[in-house]
1. Going through region 73-93 one residue at a time, which ones are exposed (fewer than 14 other Cβ atoms within 10 Å of the Cβ) and part of a loop (DSSP other than H, G, I, E, B)?
2. Criterion first (out of contact with any helix residue (DSSP H, G or I) (no Cβ under 8 Å at 6 or more places or on another chain), touching a residue at least 40 places away in the same chain (Cβ under 8 Å) and outside any strand (DSSP E or B)) does PRO28 satisfy it?
3. Exactly one condition in (1) at pLDDT below 90; (2) surrounded by 13 or more Cβ atoms within 10 Å (Cβ to Cβ); (3) more than 30 Å from VAL133 (Cβ to Cβ) is not met by GLY10; state its number.
4. Can you tell me which residue is nearest to VAL19 (Cα to Cα) among those in region 33-61 that are outside any strand (DSSP E or B) and charged (D, E, K, R)?
5. Six or more apart or on different chains, Cβ under 9 Å: which pairs go from a residue in region 80-103 that's within 23 Å of GLN48 (Cα to Cα) and in the same structural domain as ALA53 (by TED's automatic domain parsing) to one that's surrounded by fewer than 12 Cβ atoms within 10 Å (Cβ to Cβ) and of a type in the set (Asp, Glu)? Could you list them?
Amino acid sequence: MLLVVLAAAGTAAASTLNVSPVRIELSPTVSTAVLTLRNPEDAPVTVQATPAAWSQADQQDQLTDTHDVLVTPPLFTIPPKGHQIVRVALLRKPDASRELDYRLVLAEIPPPGTPESTGLRFALRITMPITTVPPTSRSLISTYRPRIRPPASCIRTQRAICCRVARPTGRYIPTATSRAPAAS
């Protein structure tokens, strides 16, 4: 009986969105970043990009509005099989004593429904990390090459280890991130 009810309810759909790179790292010398969003679908996708300050309280993510990070364009439509360039800029100087953590929230704005649609539509939401490295990064970050083939590079900070493996083109791609417990 339940199967008949579910079949009669229609279908469920969600969009696909490819984002590259998947992590943004800003510093005193690199205050901007560029993202590429690709839409592999046959229909356009409208996305709202919003920066937020990130923290954790009681092991729960807390996102609050911020004017420290600028994202442009904040609202855009990616055509079918097309792409969109998004620029991210840090509007303040990095804190001299600690990393500042932000998130870029990419939220799909679903198209309006039609009278003949009976299915369920899921809106896509991606939350990407934006990390600012303090000017004294030599004391907080160390770069080393573990014994991973192909050549890899890992960055260790006080809170995370992020490993990246080199492609044949020489560009690094993220492969693993390990979060260390927050210092008390």
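The values are calculated or read from the model by the stated rules, or taken from the named source; none is laboratory data. The shown structure was predicted, so the numbers you read here are calculated from the model rather than taken from an experiment. Cβ atoms come from the backbone with ideal geometry, glycine included; neighbour counts cover every protein chain shown.
1. PRO73, PRO74, PRO79, PRO80, LYS81, LEU91, ARG92, LYS93
2. For PRO28, the condition - out of contact with any helix residue (DSSP H, G or I) (no Cβ under 8 Å at 6 or more places or on another chain), touching a residue at least 40 places away in the same chain (Cβ under 8 Å) and outside any strand (DSSP E or B) - is met.
3. Result: GLY10 passes all but (2).
4. Result: GLU41.
5. PRO80/ASP42; LYS81/ASP42; ARG103/ASP61
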